[in-house]
Amino acid sequence: MNKNRSSFIMVLMVFLLSIPFNLVNGQALIIDSSRAENGIISVEYSNMDHKTKVVIKKGQEKYTYDLFSKGVYPLTLGNGEYEISVMENVSGNKYKVIDRENLTLKMQDSKRVFLQSVQLIDWNENMSLVKKAKSLVKGMKTDGEKAAAIYNYIVKNYKYDYSKANKIDSSYIPGLEAFYNNGEGVCYDFAASYAAMLRSVDIPAKLLTGYKNDVNFYHSWNQVYLKESSKWVTIDTTYDSILLDKDLKALMIKDDSDYKTDRVF
């Protein structure tokens with residue numbers, strides 16, 4: 001065997017053995033915190049005979065995600081002690097814990113988590129909307145210019161899908177390429193796509209869910225970090241797309257007091 005290949009295999013085996021896993025129903029369940037310094041963990045479980053959820057808890061706050069064989073999940077509640085649980089459906093709405101781990105998060109830069117690809121903002125360099133983002137900001141120097149270029153592209157080219165809004169439920173996960181290709185979607189699609197495009201050009205972006213003072217339903221929007229001003233600003237591409245569709249004026253940066261945040265991704 002080639003010496004370099006042998007060395008590579010040895011390193012790979014050591015890495016795999018360093019990731020703890022449990023056997024549940026004869027299947028390996030892995031909670032991998034090796035990328036926690038970036039504010040993310042991954043969970044992998046091949047037994048999909050039952051609905052499975054990942055619960056991320058810090059203090060009194062917790063986020064619950066569906067697990068589809070494998071997923072990457074953000075740790076958006078800041079540094080400190082986390083409890084990661086994997087729960088499997090027993091019957092109806094009842095779940096049992098099949099694995100649980102504790103994690104102490106010590107990120108040097110809390111903004112790093114908002115640059116990652118995660119389950120709800122799932123992007124990669126080969127995606128069409130990522131390539132579009134990079135082409136839109138080519139030659140631009142400031143984050144403000146880049147954020148505005150991508151914002152203008154989305155609000156001017158994408159429409160709100162009212163019929164879809166009446167069909168989706170709490171388990172919905174935005175399909176970024178579908179949104180890019182179809183040219184329409186709900187607020188979740190708008191916010192997740194804007195976040196992905198910004199993250200792909202190294203601009204930290206949050207996806208937030210909750211309520212806006214003049215919107216009568218659960219809503220999604222973004223906060224974007226502009227390093228030239230060292231500030232997070234609120235941007236709502238869905239809201240502004242609807243305004244422009246009605247030939248009304250839209251301002252990119254919103255008043256934070258108009259929004260009530262429930263969750264941050």
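The values are calculated or read from the model by the stated rules, or taken from the named source; none is laboratory data. As the structure is a computational prediction, the values presented were derived from the model and not from experiment. Cβ: placed from backbone, ideal geometry, glycine included. Neighbour counts: every protein chain shown.
If you go through region 227-248 one residue at a time, do you hit one that is within 24 Å of residue 62 (Cα to Cα) and in a strand (DSSP E or B)?
yes
Could you count how many residues in region 90-114 are assigned to a strand (DSSP E or B) and more than 17 Å from residue 32 (Cβ to Cβ)? Please lay out each step first, then the result.
Narrowing region 90-114 to residues assigned to a strand (DSSP E or B): 90-91, 94-105.
Next, from what is left, pick out any that are more than 17 Å from residue 32 (Cβ to Cβ): 90-91, 94-97.
Adding up the residues that qualify gives 6.
I'd like the residue in region 37-67 that is of a type in the set (Ser, Thr, Tyr) and more than 18 Å from the chain's Cα centre (by Cα) and, out of all such residues, is surrounded by the most Cβ atoms within 10 Å (Cβ to Cβ).
Taking region 37-67 and keeping what is of a type in the set (Ser, Thr, Tyr), we get 42, 45-46, 52, 63-65.
Then keep just the ones that are more than 18 Å from the chain's Cα centre (by Cα); that gives 45-46, 52.
Values: 45: 25, 46: 13, 52: 23.
In this case the residue turns out to be 45.
Please count how many residues of region 133-158 are farther than 25 Å from residue 230 by Cβ and surrounded by 18 or more Cβ atoms within 10 Å (Cβ to Cβ). Outline the logic, then answer.
Of all residues in region 133-158, those farther than 25 Å from residue 230 by Cβ come to 135, 153, 155-158.
Of the ones still in play, those that are also surrounded by 18 or more Cβ atoms within 10 Å (Cβ to Cβ) are 153, 155, 158.
Matching residues across region 133-158 total 3.
Restrict the check to region 228-237 and report whether at least one residue is within 16 Å of residue 119 (Cα to Cα), buried (at least 23 other Cβ atoms within 10 Å of the Cβ), touching a helix residue (DSSP H, G or I) at 6+ places or on another chain (Cβ under 7 Å) and outside the structural domain of residue 111 (by TED's automatic domain parsing). Write out each step before concluding.
Of all residues in region 228-237, those within 16 Å of residue 119 (Cα to Cα) come to none.
Within region 228-237, none of the residues are within 16 Å of residue 119 (Cα to Cα), buried (at least 23 other Cβ atoms within 10 Å of the Cβ), touching a helix residue (DSSP H, G or I) at 6+ places or on another chain (Cβ under 7 Å) and outside the structural domain of residue 111 (by TED's automatic domain parsing).
Identify all residues within region 215-265 that are in contact (Cβ under 8 Å) with a residue 40 or more places away in the chain, farther than 23 Å from residue 145 by Cα and among the aliphatic types (A, V, I, L, M); write none if there are none.
Of everything in region 215-265, just one residue is in contact (Cβ under 8 Å) with a residue 40 or more places away in the chain, farther than 23 Å from residue 145 by Cα and among the aliphatic types (A, V, I, L, M), namely 264.
Please state which one of 93, 102 is outside the structural domain of residue 242 (by TED's automatic domain parsing) and at pLDDT below 95. First the steps, then the outcome.
Working: 102 fails: at pLDDT below 95.
Of the residues listed, the single one that is outside the structural domain of residue 242 (by TED's automatic domain parsing) and at pLDDT below 95 is 93.
Name the residues in region 68-89 that are modelled with pLDDT of 95 or more, not polar (S, T, N, Q) and not in a strand (DSSP E or B), would you?
If the condition is that a residue be modelled with pLDDT of 95 or more, not polar (S, T, N, Q) and not in a strand (DSSP E or B), then 75, 77, 78 are the ones that fit.
Only residues that are touching a Lys or Arg at 6+ places or on another chain (Cβ under 7 Å) and acidic (Asp, Glu): list them for region 237-259, please.
Within region 237-259, 245, 258 meet the criteria.
For region 200-227, what are the residues that are more than 16 Å from residue 261 (Cβ to Cβ) and surrounded by 23 or more Cβ atoms within 10 Å (Cβ to Cβ)?
Hits for region 200-227 are 200, 203.
When residue 263 is evaluated against the numbered criteria (1) in a strand (DSSP E or B); (2) of a type in the set (D, E, K, R); (3) in contact with a Ser or Thr (Cβ under 9 Å, 6 or more places away or on another chain); (4) more than 18 Å from residue 196 (Cα to Cα), which criterion, by number, is the only one it fails?
Answer for residue 263: the failing condition is (4).
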